[in-house]
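The structure under discussion appears below in the form of structure tokens.
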Amino acid sequence: MIDEILEDAETRMQKSVDSMKIEMTKVRTGRAHPSLLDHIKVDYYGSDVPLSQVANVNAEDARTLSVTPWEKQLVPVIEKAIMKSNLGLTPNTAGTVIRLPMPALTEERRKDLVKVVRAEAEGGRVSIRNIRRDANGDLKTLVKEKMAAEDEEHKAAENVQKLTDKYVANIDKLLAEKEEDLLKI
């Protein structure tokens, strides 16, 4: 029973770290990367579908993304979706290819993005601490129901703390990498 609680806590902590990684990829560093457009939905025959399912998204160079729709009539729809996404990108269309030049980031904007990334990291840390609290609560419940001894509970609580430290360190490492990436000119 204790092993199941530890396994569940570790799985949930890993999901929190993975979720944070996804959120951090949405923060633009000034370099073109196809994942910047992952969250954009396009109206395709009455239903909203991810951009990657109706077009090819590639990085032409360090500062330009190209979007090639699979159907010509989707070009204006994709342009509109990109404009509404609040990414600060202006699409340039040449025939069926939509090019998205990445504007250079100002120092002030970089500092704002660092604040956003730090807030995201703190959210990840809070999530991991909540998982620790849940796991420790489950362990105490086992002791109350006499399904585990107190010394087993203490040992398991130490293991939960080690997991917490490990995943918080992962988040701190991701944060440091993203901050460095954002502040690099």
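Throughout, read-outs are computed from the coordinates displayed, never taken from laboratory work. Predicted model, so just to flag it, every value in this text is computed and none were measured. Here the Cβ positions follow ideal geometry from the backbone for every residue, glycine too, while neighbour counts run over all protein chains shown.
In the stretch 34-101, the ratio of gyration radius to Kirkwood radius, Rg to Rh, stands at 0.91 when only Cα atoms are counted.
Relative to the present Cα-Cα distance, how much length would full extension add between THR90 and LYS41 at 0.36 nm per residue of separation? Provide the component values of the computation, followed by the final result.
Details: separation 49, 0.36 × 49 = 17.64 nm, distance 1.67 nm.
Contour length minus Cα-Cα distance gives 16.0 nm.
Over 21 Å apart at the Cα level, from the set LYS21/LYS111; LYS80/LYS115; LYS111/LYS184; LYS84/LYS178, are LYS80/LYS115; LYS84/LYS178. Eigenvalues of the alpha-carbon gyration tensor of the chain, scaled by 5 and square-rooted, set the equivalent ellipsoid semi-axes at 44, 20, 11 angstrom, largest first.
Where does the chain land at 222 nm, in deg cm²/dmol rounded to the nearest 500, when only DSSP H runs of n ≥ 4 count, each adding -39500 (n - 2.57), divided by all residues?
It comes out at -20500 deg cm²/dmol, rounded to the nearest 500.
For the stretch 95-147, which GluC sites (Glu not before Pro) are both in a DSSP coil and crowded by at most 12 other Cβ atoms within 10 Å? List each step's numbers first, then the result.
Working: sites: GLU107, GLU108, GLU120, GLU122, GLU145; in loops: GLU145.
Loop-located and lightly packed - GLU145.
If you plug the beta carbon distance of VAL114 and ASN56 into 1/(1 + (r/R0)^6) with R0 = 35 Å, you get a FRET efficiency near 0.65. Between ARG63 and VAL126, full extension at 0.36 nm per residue minus the direct alpha carbon distance yields a gain of 19.2 nm.
To the nearest 0.05, how large is the calculated FRET efficiency for ASP181 and ALA157 if R₀ is 25 Å and r is the Cβ-Cβ distance? E between ASP181 and ALA157, to the nearest 0.05, is 0.10.
For the stretch 69-85, putting each phi into the Karplus relation 6.51 cos²θ - 1.76 cosθ + 1.60 with θ = phi - 60° gives couplings of x, 7, 10, 4, 5, 7, 3, x, 5, 5, 4, 4, 5, 5, 5, 6, 6 Hz, in residue order, rounded to whole numbers and with x for Gly and Pro.
What's the FRET efficiency of GLU145 with SER19 using the Cβ-Cβ distance as r and R₀ = 45 Å, to the nearest 0.05? Don't skip to the end; give the middle numbers.
Numbers: r = 32 Å, r/R0 = 0.72.
Once the sixth-power term is evaluated, E becomes 0.90.
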